[in-house]
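To start, the structure itself, in structure tokens.
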Amino acid sequence: MHKAKHRQKRRHIASATLLASALAAGITATALPHALASTPATVAQAGTAASATAQASWPTVKSGQRGVDVTTVQLLLTAQGYTTDADGIFGAGTAAKVKAFQKAKGLTADGIVGPNTWAKLVITLKTGSKGSAVKALQRQLTDNGYTVTADGIFGAGTAAKVKAFQKAKGLTADGIVGPNTWAKLVSGGGSGNPGGGNPGSGKLSDAQAAARLKAAGITRSSTGNCTDRNRKNCTSFQDIRVGTINGVIALKKASGCSIVITGGTEVGHAGGTYSHWNGYKVDVRRTSCVTNYIESHSKKHHKRGDGAWVWRVTSGGKTVIDYADERWANHWDITYY
């Protein structure tokens, strides 16, 4: 009699343990009967997958930010049924869609895309997948230096780039884009915020910056036809700030002008904190389209010592962009603070 009661007690404990494991793994209430009938090994595997998702390192994306991570959020929202314009600008419309998604998923509806929201938002992709989530993947691959056409079709070319990226990041190179690969993608393009301050303060390699600009339809030119930052006749993007690249892309989108960068982080420019070398500045070819846009969307502020008039953009009482008109060099010297 005592032995039978003891066996029954052990079965209750085992069932409770399986129930807790199933809930931790994110199994829905409708799936619990099946989960309780599963072996401990099956539940353990589900728990491991959930743990991997939770442990992945994700950036925080929120209102006011711009760039490819914002575009990724927008495309993934669309893939999840919350259609959002993929303009790369985290405005009120995107915030509203994020909040609606969070509410539906039982998350805190604060409109901030942090680890818990990313974990629910990303979709596992593989060869044969199609749609806006694949476009988000392809944009991220290009942003990380693995250029691929963002056509929304997960074909052999995309699979090859995924495997190359996974191998470089120490992941299993299986071509399947799960949570860990997504986390490396959105954190690996230099758009993260390792210092905990301005999310645009991270720096990019020349390849990463060039890939972002190319995807946005922006080109570069140099008198030496080179990209070495240690040669003044080159145009280099090495160690350029994320905020600077995002700023140039925003200029392209807002103005509709053809944008050609003629100066980056190479030697030969003036020094100082907010300098070319430190990644805050770019020189953009002076065209009538660019000039008209700048002069109609900023305020003429002061004349520099070299004679260049500076047109300024402020927000909240702070300077965010300075456009210096270096007419003699046929370019605008732009500083993104």
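The values are calculated or read from the model by the stated rules, or taken from the named source; none is laboratory data. Everything numeric in this text was worked out from a predicted model, so none of it was measured. For neighbour counting, all protein chains shown are included, and Cβ atoms are generated from backbone atoms with ideal geometry for every residue, glycine included. Ligands, DNA and RNA are excluded from the accessible area calculation, which covers all protein heavy atoms including side chains. Shrake-Rupley method; radii C 1.70, N 1.55, O 1.52, S 1.80 Å.
If you take all other residues with their beta carbon under 15 Å from the beta carbon of Lys103, and give Lys and Arg +1 and Asp and Glu -1, the sum is +3.
Distance between the modelled labels on Ala104 and Ala168, one decimal in nanometres: 3.4 nm (7 Å Cα→Cβ projection). Here the 3J(HN,Hα) profile of segment 63-72, calculated from phi with Karplus coefficients 6.51, -1.76 and 1.60 at θ = phi - 60°, is 3, x, 7, 9, x, 5, 5, 5, 4, 4 Hz, Gly and Pro shown as x. Couplings for segment 136-145, taken from phi via the Karplus curve 6.51 cos²θ - 1.76 cosθ + 1.60 with θ = phi - 60°, read 4, 4, 5, 5, 5, 4, 4, 5, 8, x Hz in order; Gly and Pro are left as x.
A full extension of the chain between Asn230 and Ser275 corresponds to an added length of 14.7 nm, given 0.36 nm per residue minus the alpha carbon distance. Averaged over its residues, segment 120-184 has an accessible area of 44 Å² per residue, based on protein heavy atoms and a 1.4 Å probe. Listed cross-link partners Lys163/Lys281; Lys135/Lys214; Lys62/Lys105; Lys99/Lys252; Lys161/Lys252; Lys253/Lys299 are compared with a 25 Å cut-off, the Cα-Cα value being larger for Lys163/Lys281; Lys99/Lys252; Lys161/Lys252.
Any idea of the accessible area per residue across segment 259-308, 1.4 Å probe, to the nearest Å²? Write out the running numbers ahead of the final one.
Working: 2510 Å² over 50 residues.
Result: 50 Å² per residue.
Put His297, His302 in order of accessible area, highest first, and with a 1.4 Å probe you get His297, His302. Just the number, please: carbon plus sulfur as a percent of the accessible area of segment 207-306, 1.4 Å probe, no ligands or DNA/RNA counted. The C+S portion of the solvent-accessible surface of segment 207-306 is 46 percent. Taking amide hydrogens as placed 1.01 Å from N in the peptide plane, the amide H of His331 sits under 5 Å from those of Arg286, Glu326, each at least 5 positions away in sequence or on another chain.
Only aspartates and glutamates eight or more places from Lys126 in sequence, or on another chain, were considered; those with a Cα closer than 15 Å are Asp151, Asp174. Just check segment 58-123 against the gyration tensor rule for me: Cα atoms, a ≥ b ≥ c as the square roots of the eigenvalues, rounded for a/c under 1.5, and otherwise prolate or oblate depending on whether a/b exceeds b/c. It is rounded, given that a/c, with a ≥ b ≥ c, falls under 1.5. In summary, the aspartates and glutamates within cross-link reach of Lys120, defined as a Cα separation below 18 angstrom excluding same-chain residues under 8 places away, comprise Asp69, Asp110.
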